[in-house]
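The values are calculated or read from the model by the stated rules, or taken from the named source; none is laboratory data. Just so it is clear, the model here is predicted, and its values are computed rather than measured. In this analysis, Cβ positions are derived from the backbone assuming ideal geometry, glycine residues included, and neighbour counts consider all displayed protein chains.
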Amino acid sequence: MSDSVTVVTGSRKGIGRFLAEHALAAGGIVVGCSRDESDLRHDHYEHCRVDISDESAVIQFFSNVRKKHGRVDHLINCAGVASMNHSLLTPGKSFRAIYETNVFGTFYCSREAAKLMQKRHYGRIVNFSTVAVPLKLDGEAAYVSSKAAVVALTEVMARELAPFGITVNALGPTPIDTDLIRGVPKDRIDTLVGRQAIPRLGTFDDVANVIDFFLSCDSGFITGQTAYLGGV
């Protein structure tokens, strides 16, 4: 990541925050965004308040990145929301809100980043799915189906963007100790982890290991893939 320009969505906390710091430690320039301000301070980091479900806001965000940095080498679509609710108890408003962030937001950011990447005929895009997709986790119909849509989007955009030297891959983490799962009952997490081949919570380092592989200059022949952690 040295000397690269990396955009990380959802960089205020959790996995996004860790990956932003990880890229900075490698010597890159990082532009992060989230709905709220961040307390991350670094000479090579800048943070923008952006709601990625707002198409016009995303367009303006990447326009500002282009004006300041002239390019985007990597996009890590880490921003996402989750909700646990039985299908029969899920309001349409909640279902729509999850799709607007997880699917539409990922699409908007990927599209705008790719426009900048194609000019240099190089780019790496990494989206976030979840092991709840292959495990068909009940009680999370909106979240799981939105992340399944992200996988499909990843596979299609990988084909569409390959002629421009841009790879598009996805990562499906196991539960990690972040705000996203702290409100989930422990027995639910234990059941999910128990279905993995390696029955433990994931770590930030587990995620970074795969991200580094997908972003590597040597990974230009790897695209349209989803790596699920933990063995599912």
Task: All positions within region 83-125 that are modelled with pLDDT under 95 and in contact with a Lys or Arg (Cβ under 9 Å, 6 or more places away or on another chain) - done: MET84, LYS119
Task: Selected residue [in contact with a helix residue (DSSP H, G or I) (Cβ under 6 Å, 6 or more places away or on another chain) and free of Cβ contacts under 8 Å to residues at least 60 places away in the same chain] from ILE76, ILE125 - done: ILE125
- [ ] Select from region 30-45 the residues that are over 16 Å from VAL81 (Cα atoms) and surrounded by fewer than 17 Cβ atoms within 10 Å (Cβ to Cβ) and list them in ascending order.
- [x] GLU37, ASP39, ARG41, HIS42, ASP43, HIS44
Task: Restricting region 184-232 to residues that are among the aliphatic types (A, V, I, L, M) and part of a loop (DSSP other than H, G, I, E, B), the residue that is farthest from ALA20 (Cα to Cα) - done: ALA197
TODO: Look through region 109-141, keep the residues that are among the hydroxyl-bearing types (Ser, Thr, Tyr) and in a loop (DSSP other than H, G, I, E, B), and return whichever of them is farthest from LEU171 (Cα to Cα).
DONE: TYR122
Task: Total residues in region 5-32, condition in contact (Cβ under 8 Å) with a residue 40 or more places away in the chain and under 18 Å from THR178 (Cα atoms) - done: 11
- [ ] Could you please let me know if PHE164 is crowded, with 19+ Cβ neighbours inside 10 Å, of a type in the set (Phe, Trp, Tyr) and either in contact with a Leu (Cβ under 6 Å, 6 or more places away or on another chain) or touching a residue at least 12 places away in the same chain (Cβ under 8 Å) (or both)?
- [x] no
TODO: Would you be able to say whether some residue in region 82-102 is assigned to a loop (DSSP other than H, G, I, E, B), basic (Lys, Arg), out of contact with any Phe, Trp or Tyr (no Cβ under 7 Å at 6 or more places or on another chain) and surrounded by fewer than 19 Cβ atoms within 10 Å (Cβ to Cβ)?
DONE: no
Task: Qualifying positions in region 146-156 - farther than 13 Å from SER94 by Cα and polar (S, T, N, Q) - done: THR154
TODO: Could you please let me know if PHE18 is farther than 27 Å from ARG188 by Cβ, modelled with pLDDT of 95 or more, among the aromatic types (Phe, Trp, Tyr) and surrounded by 21 or more Cβ atoms within 10 Å (Cβ to Cβ)?
DONE: no
Task: Filtered residues of region 172-183 (kept if part of a loop (DSSP other than H, G, I, E, B), out of contact with any helix residue (DSSP H, G or I) (no Cβ under 6 Å at 6 or more places or on another chain) and surrounded by 12 or more Cβ atoms within 10 Å (Cβ to Cβ)) - done: THR174, ASP177
Task: LEU137 vs. criteria surrounded by 15 or more Cβ atoms within 10 Å (Cβ to Cβ) and of a type in the set (A, V, I, L, M, F, W, C) - done: yes
- [ ] From PHE128, PHE221, PHE213, grab the single residue that is out of contact with any His (no Cβ under 6 Å at 6 or more places or on another chain), modelled with pLDDT of 95 or more and buried (at least 21 other Cβ atoms within 10 Å of the Cβ).
- [x] PHE128
Task: Only listed residue being within 15 Å of the chain's Cα centre (by Cα) and of a type outside the set (Asp, Glu), chosen from ARG17, ARG49 - done: ARG17
TODO: Can you tell me which residue within region 21-37, out of those that are part of a strand (DSSP E or B) and not β-branched (Val, Ile, Thr), is farthest from VAL50 (Cα to Cα)?
DONE: GLY32
